[in-house]
Amino acid sequence: MRAPKKKAEMRGNTGTVFKWFIIQAYRSFTGSAYNTPSAIQYEAPPIHERKHPMALKLGYKQLIAEAMDKIDTLNQAEAMALLDDPDTLIVDIRDVRELEREGMIPNAFHAPRGMLEFWVDPDSPYYKSELGSGKRLMLYCGSAWRSALAAEILVRMGVPRVCHIEGGFSAWKKAGLPVAEKPSKPAAK
C-alpha cells in the first residue's frame with residue numbers, strides 16, 4: 001500500500017484537490033465519515049499557504065500606490081464642500097448591489113466601474129453626456145481603491161478635472177456625512 005502524501009507534496013496538485021472535493025461531496029451526500037475505497041485522505045491547506053500558479057509582476061497595492069501619485073485626492077471635508085457645487089459631478093463607481101445595500105452620496109451619478117471608460121468616451125456607443133459635461137468628476141467607491149485606479153485611467157484618457165474621495169464611501173459614512181438611498185428605476189412602460 002502506498003504511503004499517504006504529505007501536505008507539502010499536495011499543494012498545487014489539482015488532481016489531489018479534486019479527489020478531496022469528491023470525498024467531501026461523498027461524505028456529505030451519504031452521511032458517511034469514511035472515504036470512498038479508492039480515495040485518499042487529504043486536508044486542503046489554508047489559502048494563505050497555497051502556491052499561486054503565477055507570480056505577478058505588479059500587485060494591486062503597487063497599482064493603487066502608483067495611481068495615487070498621479071491623481072488628486074480630496075479629504076472628506078473638501079468633498080463635502082463640493083456636494084452642492086454645480087460645477088462638480090459626484091460619480092459613484094460601485095456595483096449597483098453596494099448602492100442598494102449601503103446607500104450613496106446624495107445626488108451622485110452612478111457609473112459602474114466596468115462601464116466608466118465606455119461612458120466617458122464620446123466615440124463609444126455607450127457614451128453618457130453627463131460624464132462629458134466639462135464638470136469636475138469626483139469619483140468614489142467603497143474604500144478608495146477602485147476610484148484611485150479609475151481616476152488614473154480617466155486622467156490617462158484625457159478627461160480634465162478628475163479627483164477621488166479619500167477613504168471612499170466607508171470613510172464618508174463613518175464621518176457621519178449625508179447618505180441617500182439609491183433612486184429606483186422608473187417602471188417599464
**Request:** Output the helices (runs of 4 or more DSSP H) that fall wholly within region 59-138 and possess 2 or more residues being closer than 16 Å to Glu152 by Cα and open to solvent by less than 60 Å² (accessible area, probe 1.4 Å), or say none.
**Result:** 60-70, 116-120
**Message:** Taking the criterion of being more than 20 Å from Gln62 (Cβ to Cβ), in contact with a Cys (Cβ under 8 Å, 6 or more places away or on another chain) and touching a residue at least 40 places away in the same chain (Cβ under 8 Å), would at least one residue in region 112-129 satisfy it?
**Reply:** no
**Message:** Residues to consider are Val179, Val162, Val155; find the one that is in contact (Cβ under 8 Å) with a residue 40 or more places away in the chain, touching a strand residue (DSSP E or B) at 6+ places or on another chain (Cβ under 6 Å) and open to solvent by 60 Å² or more (accessible area, probe 1.4 Å).
**Reply:** Val155
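The values are calculated or read from the model by the stated rules, or taken from the named source; none is laboratory data. Predicted model, so just to flag it, every value in this text is computed and none were measured. Virtual Cβ from ideal backbone geometry, glycine too; neighbours counted across all protein chains shown. For accessibility, only protein heavy atoms count, side chains too; no ligands or nucleic acids. Shrake-Rupley method; radii C 1.70, N 1.55, O 1.52, S 1.80 Å.
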